[in-house]
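The values are calculated or read from the model by the stated rules, or taken from the named source; none is laboratory data. What you see is a predicted model; the values in this text were computed from it and never measured. Using ideal geometry, Cβ is built from the backbone for each residue, glycine included, and neighbour counts are taken over all protein chains shown. Quick note on the areas: whole protein, heavy atoms, side chains included, nothing else; ligands and nucleic acids left out. Shrake-Rupley method; radii C 1.70, N 1.55, O 1.52, S 1.80 Å.
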Amino acid sequence: MGKLTNFKRSLWVFHASGGSCNACDIEIIAALTPRYDVERFGIKLVGSPRHADVLLVTGAIPRDFADKLRRIYEQMPDPKAVVVIGCCGTSGGVFYDSYNIAGPIDEIIPVDVYVPGCPPRPEAIIDGVVKAWLKIEKLEKELEGKKG
Amino acid sequence: MTWIESLTLNSPSGFWNPIVWLAFLIVFALIGYLIYSRGNRSYKPNTDQVKPFLSGNEVEDVEEIRVRAGDIYWGFIEALKGYYNALMRMHTGDVRDYILWYLGLGAVILFVLVGGV
(Lines give C-alpha, C1' and ligand atoms only; values in the text may rest on other atoms or scores of the structure.)
Protein backbone atom coordinates (compact mmCIF):
# COMPACT_ATOMS: atom_id res chain seq x y z
CA MET A 1 0.00 0.00 0.00
CA GLY A 2 1.23 3.49 -0.88
CA LYS A 3 1.84 6.34 1.51
CA LEU A 4 -0.21 9.47 1.93
CA THR A 5 2.25 12.15 0.96
CA ASN A 6 0.84 15.62 1.15
CA PHE A 7 -2.26 15.64 3.43
CA LYS A 8 -3.05 18.97 1.84
CA ARG A 9 -6.59 18.97 3.10
CA SER A 10 -9.20 17.04 5.04
CA LEU A 11 -11.04 14.34 3.15
CA TRP A 12 -14.75 15.06 2.95
CA VAL A 13 -17.05 12.15 2.27
CA PHE A 14 -20.59 12.01 0.95
CA HIS A 15 -22.66 8.95 1.70
CA ALA A 16 -25.34 7.77 -0.75
CA SER A 17 -27.47 4.85 0.34
CA GLY A 18 -29.23 2.99 -2.46
CA GLY A 19 -31.20 -0.13 -1.63
CA SER A 20 -29.17 -0.84 1.46
CA CYS A 21 -30.59 -2.71 4.47
CA ASN A 22 -28.74 -0.06 6.54
CA ALA A 23 -26.23 -2.48 8.05
CA CYS A 24 -23.40 -0.92 5.98
CA ASP A 25 -24.71 2.57 6.80
CA ILE A 26 -24.57 1.77 10.51
CA GLU A 27 -20.97 0.56 10.13
CA ILE A 28 -20.09 3.85 8.39
CA ILE A 29 -21.59 5.70 11.35
CA ALA A 30 -19.58 3.40 13.67
CA ALA A 31 -16.40 4.66 11.99
CA LEU A 32 -17.35 8.16 13.17
CA THR A 33 -18.03 7.16 16.78
CA PRO A 34 -15.38 7.64 19.53
CA ARG A 35 -14.00 4.09 19.17
CA TYR A 36 -12.70 4.78 15.63
CA ASP A 37 -13.23 8.56 15.37
CA VAL A 38 -12.10 9.17 11.78
CA GLU A 39 -12.86 12.88 12.14
CA ARG A 40 -9.56 13.24 14.01
CA PHE A 41 -7.89 12.54 10.62
CA GLY A 42 -10.10 15.12 8.93
CA ILE A 43 -12.38 12.51 7.36
CA LYS A 44 -15.82 14.02 7.66
CA LEU A 45 -19.29 13.21 6.34
CA VAL A 46 -20.78 16.14 4.44
CA GLY A 47 -24.35 16.86 3.44
CA SER A 48 -23.77 17.67 -0.23
CA PRO A 49 -21.75 16.00 -3.00
CA ARG A 50 -20.76 19.53 -4.06
CA HIS A 51 -18.42 19.55 -1.02
CA ALA A 52 -17.22 15.95 -1.22
CA ASP A 53 -13.97 14.31 -2.33
CA VAL A 54 -15.16 10.75 -1.88
CA LEU A 55 -18.53 9.14 -2.54
CA LEU A 56 -19.46 6.19 -0.33
CA VAL A 57 -22.23 4.08 -1.84
CA THR A 58 -24.05 1.31 -0.01
CA GLY A 59 -26.63 -1.19 -1.21
CA ALA A 60 -27.68 -2.56 -4.58
CA ILE A 61 -29.06 0.28 -6.67
CA PRO A 62 -32.76 0.17 -7.56
CA ARG A 63 -33.70 1.32 -11.08
CA ASP A 64 -35.36 4.50 -9.78
CA PHE A 65 -32.20 5.50 -7.93
CA ALA A 66 -29.71 4.93 -10.75
CA ASP A 67 -30.14 8.35 -12.43
CA LYS A 68 -30.02 10.07 -9.04
CA LEU A 69 -26.74 8.30 -8.24
CA ARG A 70 -25.31 9.37 -11.61
CA ARG A 71 -26.34 12.95 -10.87
CA ILE A 72 -24.77 12.83 -7.38
CA TYR A 73 -21.52 11.54 -8.93
CA GLU A 74 -21.61 14.28 -11.59
CA GLN A 75 -22.09 16.94 -8.92
CA MET A 76 -18.88 16.09 -7.09
CA PRO A 77 -15.91 18.32 -7.92
CA ASP A 78 -12.78 16.78 -9.47
CA PRO A 79 -10.63 15.00 -8.38
CA LYS A 80 -13.03 12.47 -6.86
CA ALA A 81 -13.19 8.81 -5.89
CA VAL A 82 -15.99 6.33 -5.32
CA VAL A 83 -15.94 3.67 -2.61
CA VAL A 84 -18.53 0.90 -2.65
CA ILE A 85 -19.30 -0.44 0.81
CA GLY A 86 -20.69 -3.97 1.17
CA CYS A 87 -21.51 -6.96 -0.98
CA CYS A 88 -24.80 -5.63 -2.38
CA GLY A 89 -23.15 -2.64 -4.03
CA THR A 90 -20.14 -4.66 -5.14
CA SER A 91 -21.92 -7.53 -6.86
CA GLY A 92 -25.65 -7.18 -6.22
CA GLY A 93 -25.35 -9.55 -3.26
CA VAL A 94 -28.60 -11.29 -2.43
CA PHE A 95 -30.34 -9.02 -4.94
CA TYR A 96 -28.14 -10.20 -7.83
CA ASP A 97 -30.09 -10.26 -11.12
CA SER A 98 -33.24 -8.96 -9.45
CA TYR A 99 -35.80 -7.36 -11.77
CA ASN A 100 -35.76 -3.99 -9.97
CA ILE A 101 -31.99 -3.59 -9.56
CA ALA A 102 -30.07 -1.40 -12.02
CA GLY A 103 -26.98 -3.56 -11.50
CA PRO A 104 -23.85 -3.47 -9.38
CA ILE A 105 -22.70 0.09 -8.78
CA ASP A 106 -19.77 -0.12 -11.22
CA GLU A 107 -22.29 -0.54 -14.03
CA ILE A 108 -23.75 2.88 -13.14
CA ILE A 109 -20.76 5.02 -12.11
CA PRO A 110 -16.98 4.41 -12.11
CA VAL A 111 -15.85 2.76 -8.87
CA ASP A 112 -12.32 3.08 -7.41
CA VAL A 113 -12.45 0.99 -4.24
CA TYR A 114 -14.56 -2.03 -3.25
CA VAL A 115 -15.04 -2.88 0.43
CA PRO A 116 -16.75 -6.29 0.55
CA GLY A 117 -18.55 -7.62 3.60
CA CYS A 118 -22.08 -8.01 4.87
CA PRO A 119 -21.58 -5.57 6.47
CA PRO A 120 -17.84 -4.77 6.40
CA ARG A 121 -16.23 -3.81 9.69
CA PRO A 122 -15.46 -0.12 10.32
CA GLU A 123 -11.71 -0.90 10.04
CA ALA A 124 -12.31 -2.16 6.49
CA ILE A 125 -14.34 0.94 5.62
CA ILE A 126 -11.57 3.21 6.96
CA ASP A 127 -9.01 1.23 4.94
CA GLY A 128 -11.16 1.70 1.82
CA VAL A 129 -11.44 5.44 2.40
CA VAL A 130 -7.66 5.73 2.86
CA LYS A 131 -7.18 3.90 -0.46
CA ALA A 132 -9.55 6.43 -2.05
CA TRP A 133 -7.46 9.19 -0.47
CA LEU A 134 -4.34 7.79 -2.16
CA LYS A 135 -6.18 7.69 -5.47
CA ILE A 136 -7.28 11.32 -5.05
CA GLU A 137 -3.73 12.42 -4.27
CA LYS A 138 -2.61 10.73 -7.48
CA LEU A 139 -5.40 12.38 -9.49
CA GLU A 140 -4.62 15.73 -7.90
CA LYS A 141 -0.98 15.47 -8.98
CA GLU A 142 -2.13 14.64 -12.51
CA LEU A 143 -4.42 17.68 -12.51
CA GLU A 144 -1.59 19.89 -11.23
CA GLY A 145 0.65 18.46 -13.96
CA LYS A 146 -1.95 19.41 -16.55
CA LYS A 147 -2.19 22.93 -15.09
CA GLY A 148 1.56 23.38 -15.01
CA MET B 1 -6.32 73.89 -6.06
CA THR B 2 -4.99 70.77 -7.77
CA TRP B 3 -6.98 68.96 -10.45
CA ILE B 4 -7.76 66.11 -8.03
CA GLU B 5 -9.14 68.59 -5.50
CA SER B 6 -11.17 70.20 -8.23
CA LEU B 7 -12.88 66.84 -8.81
CA THR B 8 -13.76 66.47 -5.10
CA LEU B 9 -17.30 67.11 -4.05
CA ASN B 10 -17.52 68.07 -0.36
CA SER B 11 -20.67 67.74 1.67
CA PRO B 12 -21.46 67.89 5.42
CA SER B 13 -21.46 64.09 5.59
CA GLY B 14 -18.19 63.46 3.72
CA PHE B 15 -16.72 63.77 0.25
CA TRP B 16 -16.91 62.12 -3.15
CA ASN B 17 -14.00 61.85 -5.52
CA PRO B 18 -14.08 59.70 -8.67
CA ILE B 19 -10.30 59.12 -8.57
CA VAL B 20 -10.48 57.75 -5.00
CA TRP B 21 -13.50 55.66 -6.05
CA LEU B 22 -11.55 54.29 -9.02
CA ALA B 23 -8.54 53.47 -6.80
CA PHE B 24 -10.78 51.51 -4.42
CA LEU B 25 -12.44 49.76 -7.35
CA ILE B 26 -9.07 48.61 -8.69
CA VAL B 27 -7.92 47.37 -5.26
CA PHE B 28 -11.15 45.41 -4.66
CA ALA B 29 -11.15 44.04 -8.22
CA LEU B 30 -7.60 42.77 -7.60
CA ILE B 31 -8.64 41.13 -4.32
CA GLY B 32 -11.63 39.58 -6.12
CA TYR B 33 -9.40 38.29 -8.91
CA LEU B 34 -6.97 36.79 -6.37
CA ILE B 35 -9.82 34.88 -4.67
CA TYR B 36 -11.19 33.81 -8.09
CA SER B 37 -7.79 32.61 -9.31
CA ARG B 38 -7.45 30.32 -6.28
CA GLY B 39 -10.71 28.56 -7.22
CA ASN B 40 -11.02 25.03 -8.62
CA ARG B 41 -10.27 25.29 -12.34
CA SER B 42 -11.15 21.70 -13.10
CA TYR B 43 -14.92 22.21 -12.72
CA LYS B 44 -17.03 21.41 -15.74
CA PRO B 45 -19.41 24.18 -16.76
CA ASN B 46 -22.85 23.32 -18.18
CA THR B 47 -22.97 19.96 -16.38
CA ASP B 48 -24.62 18.76 -13.18
CA GLN B 49 -21.41 19.79 -11.41
CA VAL B 50 -22.56 23.40 -11.36
CA LYS B 51 -26.20 22.70 -10.47
CA PRO B 52 -27.60 22.81 -6.93
CA PHE B 53 -27.86 19.54 -5.00
CA LEU B 54 -31.45 18.42 -4.55
CA SER B 55 -30.94 14.93 -3.06
CA GLY B 56 -29.97 13.66 -6.51
CA ASN B 57 -33.23 14.82 -8.06
CA GLU B 58 -33.20 16.80 -11.26
CA VAL B 59 -33.50 20.54 -10.68
CA GLU B 60 -36.55 21.68 -12.59
CA ASP B 61 -36.69 24.91 -14.50
CA VAL B 62 -37.41 27.80 -12.13
CA GLU B 63 -40.38 28.80 -14.28
CA GLU B 64 -41.95 25.39 -13.57
CA ILE B 65 -41.64 25.43 -9.78
CA ARG B 66 -42.03 29.06 -8.72
CA VAL B 67 -45.26 30.53 -7.38
CA ARG B 68 -46.13 33.41 -9.65
CA ALA B 69 -47.88 36.58 -8.50
CA GLY B 70 -50.70 35.68 -10.91
CA ASP B 71 -51.34 32.50 -8.88
CA ILE B 72 -52.99 34.69 -6.21
CA TYR B 73 -55.92 35.02 -8.64
CA TRP B 74 -56.22 31.29 -9.21
CA GLY B 75 -59.62 31.14 -7.47
CA PHE B 76 -61.09 33.89 -9.66
CA ILE B 77 -59.67 32.39 -12.84
CA GLU B 78 -60.97 28.93 -11.95
CA ALA B 79 -64.44 30.21 -11.02
CA LEU B 80 -64.75 32.44 -14.12
CA LYS B 81 -63.07 29.96 -16.47
CA GLY B 82 -65.47 30.53 -19.37
CA TYR B 83 -64.94 34.27 -19.32
CA TYR B 84 -61.16 34.09 -18.86
CA ASN B 85 -60.70 31.43 -21.56
CA ALA B 86 -62.35 33.74 -24.10
CA LEU B 87 -60.24 36.68 -22.90
CA MET B 88 -57.01 34.69 -23.01
CA ARG B 89 -57.67 33.62 -26.60
CA MET B 90 -58.02 37.28 -27.54
CA HIS B 91 -54.87 38.20 -25.61
CA THR B 92 -52.38 37.10 -28.25
CA GLY B 93 -49.48 39.40 -27.32
CA ASP B 94 -49.33 40.62 -30.94
CA VAL B 95 -49.58 44.41 -31.04
CA ARG B 96 -51.18 44.30 -34.52
CA ASP B 97 -54.12 42.34 -33.09
CA TYR B 98 -54.58 44.93 -30.37
CA ILE B 99 -54.52 47.77 -32.92
CA LEU B 100 -57.13 45.91 -34.95
CA TRP B 101 -59.30 45.59 -31.83
CA TYR B 102 -58.75 49.29 -31.09
CA LEU B 103 -59.73 50.33 -34.62
CA GLY B 104 -62.68 47.93 -34.75
CA LEU B 105 -64.10 48.99 -31.38
CA GLY B 106 -63.36 52.67 -32.22
CA ALA B 107 -65.40 52.24 -35.43
CA VAL B 108 -68.29 50.66 -33.50
CA ILE B 109 -68.27 53.46 -30.89
CA LEU B 110 -68.13 56.10 -33.61
CA PHE B 111 -71.00 54.39 -35.42
CA VAL B 112 -73.08 54.30 -32.23
CA LEU B 113 -72.32 57.95 -31.38
CA VAL B 114 -72.53 59.61 -34.78
CA GLY B 115 -73.58 56.95 -37.25
CA GLY B 116 -77.30 57.33 -36.62
CA VAL B 117 -77.34 61.11 -37.16
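Put a dot 7 Å past each Cα toward the Cβ at A:Asn100 and A:Glu142; how far apart are the dots in nm?
My value for the distance between the label points is 3.7 nm.
From other protein chains only, count the Cβ atoms within 10 Å of every residue's Cβ in A:49-60, then give the mean.
Mean partner shielding for this stretch: 1.
Quick one: 3J(HN,Hα) in Hz for the stretch B:81-90, Karplus 6.51/-1.76/1.60 with θ = phi - 60°, rounded, Gly and Pro as x.
Listing the rounded values in order: 3, x, 5, 5, 4, 5, 5, 5, 5, 6 Hz.
Using a Gaussian network model on chain A with a 10 Å cutoff between Cα atoms, which of A:Pro79, A:Pro104, A:Pro34 fluctuates the most?
Top of the fluctuation ranking is A:Pro34.
So for each of B:25-32, B:9-16 I average, over its residues, the number of other beta carbons within 10 Å; can you give me the resulting order with the highest mean first?
Working: B:25-32: 10.1, B:9-16: 7.8.
The packing order, highest mean first, is B:25-32, B:9-16.
At a Cα cut-off below 28 Å, give the lysines reachable from A:Lys146, other chains included and same-chain residues fewer than 8 away excluded.
The qualifying lysines are A:Lys3, A:Lys8, A:Lys80, A:Lys131, A:Lys135, A:Lys138, B:Lys44, B:Lys51.
How far, in degrees from 0 to 90, does helix B:95-110 lean away from the longest principal axis of the Cα atoms of chain B, to the nearest 10?
40 degrees
Looking at chain A, what % of its DSSP beta bridges pair antiparallel, to the nearest 5? Intermediate results must be reported in sequence, preceding the final value.
Details: 1 of 16 bridges.
Approximately 5 percent, going by the DSSP bridge assignments.
Can you compute 3J(HN,Hα) from phi for each residue in the stretch B:6-17, using the Karplus curve 6.51 cos²θ - 1.76 cosθ + 1.60 with θ = phi - 60°, rounded to whole Hz and x for Gly and Pro?
Ordered by residue, 3J(HN,Hα) equals 5, 8, 7, 10, 8, 9, x, 9, x, 9, 9, 9 Hz.
Take every DSSP beta bridge whose two residues both sit in the protein assembly as shown, then give the antiparallel share in percent to the nearest 5. Please report the intermediate quantities before stating the final value.
Numbers: 4 of 19 bridges.
Approximately 20 percent, going by the DSSP bridge assignments.
Heavy atoms only, 1.4 Å probe, whole protein assembly: order B:Trp101, A:Trp12 by accessible area, highest first. Provide the component values of the computation, followed by the final result.
Working: B:Trp101 120, A:Trp12 95 Å².
Putting B:Trp101, A:Trp12 in descending order of accessible area: B:Trp101, A:Trp12.
Mind listing the phi-derived Karplus ³J(HN,Hα) values for the stretch A:18-24, rounded to whole Hz, using 6.51, -1.76 and 1.60 with θ = phi - 60°, and x for any glycine or proline?
x, x, 6, 7, 5, 5, 5
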